[in-house]
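The values are calculated or read from the model by the stated rules, or taken from the named source; none is laboratory data. All values reported here derive from a predicted model rather than from experimental measurement. Note: ideal-geometry Cβ built from the backbone for every residue, glycine included; neighbour counts use all protein chains shown. Heads up: the accessible areas ignore ligands, DNA and RNA and are worked out on the full protein's heavy atoms, side chains in. Shrake-Rupley method; radii C 1.70, N 1.55, O 1.52, S 1.80 Å.
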Amino acid sequence: MIWRFAILDTDTVNAFSCPGGYVLATRGLLQACRSEAELASVLAHECGHVAGEHVLKEIKRANLVSAGLQIVATQAGGGEMTADLMQKIGEKGYDVLISRGMDRKDEYDADARGCRIAGAAGYATAPYGDFLARLEARMAREATGALASLAKTHPAPSDRRTRLEQAGLLLPDGQILAERFTKRAR
């Protein structure tokens, strides 16, 4: 699989993954990270979603393909993919993947996979726990807007951190690279 990473130009703190190895992080997420190890763990979390086929499972669970085909069938006049038709399919996909989010078990699984991936790449994973703690504090301060959506689609960051601690996955061993990250990220 070829992995593709991109940055979305928005202040929202979030990251997304899509089947086929596409990982998107927002500018807001980059600004919220304090070290390369934190960013590596967040990106590895998204890679964990891809490796665990979580997005594919959600698409199947929501019958997105079936819904898309039904939309096409009801709209099929000339057999062309109209802008309206594409928008309806896109809205259905958005509802499944963004507004509802993944299954909570899949989020926890992606956290565990992400820590293993980041650790195997030589990064300390304890900073990911710090990132989750800061994220939760920020979510409490900013209860509306973009972070409200994150709260709706993910388990509480404190629950995620606790699970990772209990599994022994937040390890201090490895590179953190805070100074290198802040020099290049800002």
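General observations
- Residue in segment 132-151 that is farther than 17 Å from residue 44 by Cβ, of a type in the set (S, T, N, Q) and surrounded by 15 or more Cβ atoms within 10 Å (Cβ to Cβ) present: yes
- Odd one out for residue 104 among (1) surrounded by fewer than 17 Cβ atoms within 10 Å (Cβ to Cβ); (2) closer than 17 Å to residue 29 by Cβ: (2)
- Taking every residue in segment 23-40 that is part of a helix (DSSP H, G or I) and pairing it with any residue that is modelled with pLDDT of 95 or more and of a type in the set (S, T, N, Q), at least 6 positions away or on another chain, the pairs with Cβ-Cβ distances below 8 Å are 36/175; 37/125; 37/175.
- In this structure, residue 143 qualifies as over 20 Å from residue 49 (Cα atoms), modelled with pLDDT under 95, of a type outside the set (Ser, Thr, Tyr) and not in a helix (DSSP H, G or I).
- Candidate set from segment 43-79 (those that are within 22 Å of residue 106 (Cα to Cα), open to solvent by 10 Å² or more (accessible area, probe 1.4 Å) and of a type in the set (Val, Ile, Thr)); member that is modelled with the lowest pLDDT: 65
- Segment 159-186 - residue that is out of contact with any strand residue (DSSP E or B) (no Cβ under 9 Å at 6 or more places or on another chain) and open to solvent by less than 50 Å² (accessible area, probe 1.4 Å) and, of those, farthest from residue 114 (Cα to Cα): 185
- Pairing residues of segment 145-168 that are within 15 Å of residue 130 (Cα to Cα) with residues that are open to solvent by 50 Å² or more (accessible area, probe 1.4 Å), at Cβ distances under 7 Å and at least 6 apart in sequence or on separate chains, gives 156/136; 157/136; 158/136.
- Positions within segment 110-129 being of a type outside the set (Val, Ile, Thr), part of a helix (DSSP H, G or I) and surrounded by 19 or more Cβ atoms within 10 Å (Cβ to Cβ), in sequence order: 110, 111, 113, 114, 115, 118, 119, 126, 127, 128, 129
Residues are listed down the side, and each one gets a yes or a no for (1) within 20 Å of residue 119 (Cα to Cα); (2) of a type in the set (A, V, I, L, M); (3) open to solvent by less than 10 Å² (accessible area, probe 1.4 Å):
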| site | (1), (2), (3) |
| --- | --- |
| 7 | no, yes, no |
| 21 | yes, no, yes |
| 24 | no, yes, no |
| 31 | no, no, no |
| 35 | yes, no, yes |
